[in-house]
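A short write-up of the structure that comes next.
The values are calculated or read from the model by the stated rules, or taken from the named source; none is laboratory data. Nothing here was measured: the structure is a model prediction, and the numbers come from that model. With ideal geometry, Cβ positions are generated from the backbone for all residues, glycine too; neighbour counts draw on all protein chains shown.
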Amino acid sequence: MYSLILVAIGLALITHAVFRWMEPSALLVIANAAMTFLAVAVHAIAFSETALFVALLRAVVLNTVFFASLVASIAVYRLSPWHPLARFPGPAWAAMSKWWMVHCILIKGGRHLEMQRAHRQYGTWVRLGPNELSVNDPTAIAPIYTQLNRSNFHKGAPAKADTMITVIDRQRHAERRRTWTTALSTKANEIYGIYAKRRLAELLHHIDRSRSKDAPVDIDRWVNLFFVDLAGDIGFSGGFETMKDGHDKDGWMEMLGMGVRFVTAMGQVPWMRDILQLLPQRGPIETFHSFVEAKVRQIREEHKTKSMRVDIMGTLLDESAGAARLSTDEAVADAGLIIVGATDTSVQTVLTALRFLAADPYRLRKLQREVDTVFGTEHDDEIAVNISELLKLPYLNACINESFRILPPGPAGPARVTGPEGAVILGRWIPPHTTIHVPVYTMHRDPANFGPLAELYIPERWLSEAEQTEMITATDDPCLTLSALTPCNRQAFMPFSAGYANCVGRALGLQNVKLTLASIAHRFAMSSERGFDPAMYDASYREYGLWTHDPLRLQLSSR
């Protein structure tokens with residue numbers, strides 16, 4: 001038995017050496033483990049005349065020794081000075097395994113804070129995984145996001161097909177992106193603006209009905225439902241009526257949110273995808289897939305009859321303009337992207353602005369005076385606003401920018417990977433097949449980029465010195481000085497990713513969040529809920545790829 005244990009340890013060391021050069025799939029490892037287990041048991045029974053129980057026990061012991069030795073060998077190597085990333089500092093747990101980051105995401109929801117702490121402790125370059133680096137330097141954005149391809153993080157999604165943003169192959173991504181660019185063109189966005197104005201009239205109506213003299217309004221709920229319905233209009237020419245229902249009765253948003261949370265965590269260990277793919281999909285996932293497949297069939301039938309529709313999915317499936325052909329599975333995958341992309345970032349940006357503006361009468365009044373200039377006489381079916389003029393409003397833009405800075409989408413930063421030859425980033429050679437990214441949340445709150453008050457919501461930092469002086473005089477806060485608002489490093493502002501795979505829906509997203517925030521500010525006087533504890537509310541934020549937090553409730557009254 002002892003000789004067999006030594007053999008198991010030796011095989012583990014050999015296996016580790018092989019894995020370094022040729023990484024197998026997870027299913028192959030599991031299959032080999034099962035075959036080894038059976039082989040050891042059969043050998044013990046056939047040649048040693050061992051009882052079945054003893055044979056199975058021997059197989060369990062030897063497999064345990066093998067895998068324990070394999071894990072120990074991998075851990076020692078990753079912590080050793082011989083590892084290619086050994087010269088980069090970082091937490092030991094992170095260097096040993098990506099399961100540390102999975103824990104930070106799934107259990108703690110605090111990946112953004114762990115990364116921020118790591119950079120404060122270790123500096124600009126931090127090793128956040130066995131083969132992963134985080135670079136808190138805005139000058140690294142251009143070389144990382146223009147030179148390097150997407151990492152295997154995007155392979156963590158257990159899906160039948162890739163969405164446009166999970167396609168790793170650059171040529172296929174470019175083909176898919178061209179169609180998305182058409183679907184989100186300036187002309188298309190003008191039509192989507194009409195959809196938004198109609199839905200905003202409905203949103204304001206529901207908020208009016210739900211408010212009372214003393215009770216706060218759950219603005220969190222209504223803004224979420226509004227963006228779900230708008231995503232349905234923009235994505236599929238309708239299909240969602242959650243505001244009318246008062247809730248997401250099909251549970252699609254919860255399902256998609258949980259999906260993003262799961263994919264974000266499993267993207268840290270993309271080799272798990274083959275295993276997760278075997279799990280059944282039930283409940284809201286099947287309902288959503290059925291909904292999208294029906295929409296895909298409907299759109300393709302309409303295209304046969306040359307009928308026109310202006311929505312994202314209709315454009316993605318329109319092959320008349322030479323667009324990349326989508327399979328049904330790809331269309332379903334992109335449908336999920338439409339819903340998540342058109343809702344979560346927009347919801348969180350609007351809620352962030354409302355949370356701070358409701359607690360700040362000076363800034364709220366300033367925004368209201370500005371947005372009032374672009375609104376006309378209201379109608380029942382849609383709000384009356386000049387969208388082109390609204391998009392130019394400087395203070396509204398500053399409020400939105402500050403919301404993106406304080407709580408950016410994708411706070412960890414999109415992951416890229418060096419090729420087989422490695423790469424040189426900021427004068428440092430990065431070994432081959434290394435995942436690397438810029439930590440957006442950390443960069444946005446770094447005093448080196450946004451001054452000593454980088455943790456505070458101050459829209460004026462995006463405006464002229466005259467505007468800043470006016471704010472400093474009006475607020476009479478001794479901590480607020482012109483020097484405290486500098487620098488404002490726009491190069492370090494990255495809410496929409498960067499490079500060849502930056503956010504294709506940026507213009508539409510900005511249009512929607514500006515319309516929504518301006519409409520609510522124009523219609524209602526607002527203040528924080530009585531007893532609101534800003535520190536407790538801010539501490540409730542969790543990051544799972546998407547942001548979650550306690551509900552935001554506001555005291556609202558008509559202006």
Point to revise | Elements of type helices (runs of 4 or more DSSP H) in segment 172-255, at least 3 residues being of a type in the set (S, T, N, Q) | key: 186-210
Review point. What number of residues within segment 367-383 satisfy the criterion of being touching a Phe, Trp or Tyr at 6+ places or on another chain (Cβ under 9 Å) and in contact (Cβ under 8 Å) with a residue 60 or more places away in the chain?
Key: 3
Check your understanding: When segment 57-72 is examined, which residues are found to be surrounded by 14 or more Cβ atoms within 10 Å (Cβ to Cβ), more than 34 Å from the chain's Cα centre (by Cα) and not aromatic (F, W, Y)?
Key -> L57, R58, A59, V61, L62, N63, V65, S69
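Within segment 460-501, can you find the residues that are among the hydroxyl-bearing types (S, T, Y), over 31 Å from the mean Cα position of the chain (by Cα) and within 16 Å of A398 (Cα to Cα)? Before you say what the answer is, go through the steps one by one.
First, the residues of segment 460-501 that are among the hydroxyl-bearing types (S, T, Y): 464, 469, 473, 475, 481, 483, 486, 497, 500.
Narrowing further to those that are over 31 Å from the mean Cα position of the chain (by Cα): 464, 469, 473, 475, 481, 483.
S464, T469 - these are the residues of segment 460-501 that are among the hydroxyl-bearing types (S, T, Y), over 31 Å from the mean Cα position of the chain (by Cα) and within 16 Å of A398 (Cα to Cα).
Within segment 157-165, can one find any residue that is of a type in the set (K, R), under 23 Å from P495 (Cα atoms) and not assigned by the TED database to the domain that holds F236? Talk me through it step by step, then tell me what you get.
Of the residues in segment 157-165, the ones of a type in the set (K, R) are 160.
Those left that are additionally under 23 Å from P495 (Cα atoms): none.
Within segment 157-165, not a single residue is of a type in the set (K, R), under 23 Å from P495 (Cα atoms) and not assigned by the TED database to the domain that holds F236.
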Practice item. Kindly list, by first and then second residue, each pair from a residue in segment 55-68 that is assigned by the TED database to the domain that holds T36 and basic (K, R) to a residue that is surrounded by fewer than 17 Cβ atoms within 10 Å (Cβ to Cβ) and part of a helix (DSSP H, G or I), limited to pairs with Cβ atoms under 8 Å and residues at least 6 apart or on different chains. Key: R58/L4
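Within segment 410-421, does at least one residue satisfy the condition of being assigned to a loop (DSSP other than H, G, I, E, B) and without any contact (Cβ under 8 Å) to a residue 60 or more places away in the chain? Steps first, answer last, please.
First, pick out the residues of segment 410-421 that are assigned to a loop (DSSP other than H, G, I, E, B): 410-415, 418-421.
Filter once more, so that each one left must be without any contact (Cβ under 8 Å) to a residue 60 or more places away in the chain: 420-421.
Yes, some residue in segment 410-421 is assigned to a loop (DSSP other than H, G, I, E, B) and without any contact (Cβ under 8 Å) to a residue 60 or more places away in the chain.
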Revision key, fill the gap. Per the list (1) assigned to a helix (DSSP H, G or I); (2) in contact with a helix residue (DSSP H, G or I) (Cβ under 8 Å, 6 or more places away or on another chain); (3) not charged (D, E, K, R), residue check on S388 breaks on (2)
Point to revise | Subset of segment 216-256 [buried (at least 20 other Cβ atoms within 10 Å of the Cβ) and of a type in the set (G, A, S)] | key: A231, G232, G235
**Study point:** Hits in segment 212-256 - residues which are modelled with pLDDT of 90 or more, within 27 Å of T315 (Cα to Cα) and of a type outside the set (A, V, I, L, M)
**Key:** N224, F226, F227, D229, G232, D233, G235, E241, T242
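Output the helices (runs of 4 or more DSSP H) that fall wholly within segment 443-559 and possess 3 or more residues being crowded, with 21+ Cβ neighbours inside 10 Å, or say none. Spell out the reasoning first.
Numbers: elements: 447-450, 465-475, 506-523, 534-539.
In segment 443-559, 506-523 are the helices (runs of 4 or more DSSP H) which contain 3 or more residues that are crowded, with 21+ Cβ neighbours inside 10 Å.
Would you mind stating whether Q298 is assigned to a helix (DSSP H, G or I), surrounded by fewer than 21 Cβ atoms within 10 Å (Cβ to Cβ) and either of a type outside the set (A, V, I, L, M, F, W, C) or modelled with pLDDT under 75 (or both)? Don't jump to the end; show me each part of the working.
On the way: assigned to a helix (DSSP H, G or I): yes; surrounded by fewer than 21 Cβ atoms within 10 Å (Cβ to Cβ): yes; either of a type outside the set (A, V, I, L, M, F, W, C) or modelled with pLDDT under 75 (or both): yes.
So Q298 passes the test.
Search segment 366-384 for residues being of a type in the set (D, E, K, R) and either closer than 23 Å to G193 by Cβ or over 32 Å from the mean Cα position of the chain (by Cα) (or both), and hand back the single one that is surrounded by the most Cβ atoms within 10 Å (Cβ to Cβ). Spell out the reasoning first.
Taking segment 366-384 first, the residues of a type in the set (D, E, K, R) are 366, 369-370, 372, 378, 380-382.
In the following step, the residues that additionally are either closer than 23 Å to G193 by Cβ or over 32 Å from the mean Cα position of the chain (by Cα) (or both) were identified as 369-370, 372, 378, 380-382.
Details: R369: 11, E370: 20, D372: 12, E378: 14, D380: 7, D381: 8, E382: 16.
Within segment 366-384, the match that is surrounded by the most Cβ atoms within 10 Å (Cβ to Cβ) is E370.
Could you please let me know if A398 is under 30 Å from I105 (Cα atoms), assigned by the TED database to the domain that holds A518 and either among the basic types (K, R) or surrounded by 17 or more Cβ atoms within 10 Å (Cβ to Cβ) (or both)? Don't jump to the end; show me each part of the working.
Numbers: under 30 Å from I105 (Cα atoms): no; assigned by the TED database to the domain that holds A518: yes; either among the basic types (K, R) or surrounded by 17 or more Cβ atoms within 10 Å (Cβ to Cβ) (or both): yes.
No, not satisfied.
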Review point. Can you tell me which residues in segment 323-378 are at pLDDT 85 or above and not in a helix (DSSP H, G or I)?
Key: A359, D360, F375, G376
Review point. So how many residues does segment 78-93 have that are more than 30 Å from the chain's Cα centre (by Cα) and buried (at least 16 other Cβ atoms within 10 Å of the Cβ)?
Key: 1
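Residue-wise test of (1) closer than 18 Å to L517 by Cα; (2) more than 25 Å from the chain's Cα centre (by Cα).
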{"position": "T186", "(1), (2)": "no, no"}
{"position": "I191", "(1), (2)": "no, yes"}
{"position": "A201", "(1), (2)": "yes, yes"}
{"position": "R221", "(1), (2)": "yes, no"}
{"position": "E254", "(1), (2)": "no, no"}
{"position": "T264", "(1), (2)": "no, no"}
Point to revise | Selection from segment 95-113 of residues that are surrounded by fewer than 22 Cβ atoms within 10 Å (Cβ to Cβ) and either in the same structural domain as A75 (by the TED database) or in a helix (DSSP H, G or I) (or both) | key: M96, W99, W100, V102, H103, L106, I107, K108, L113
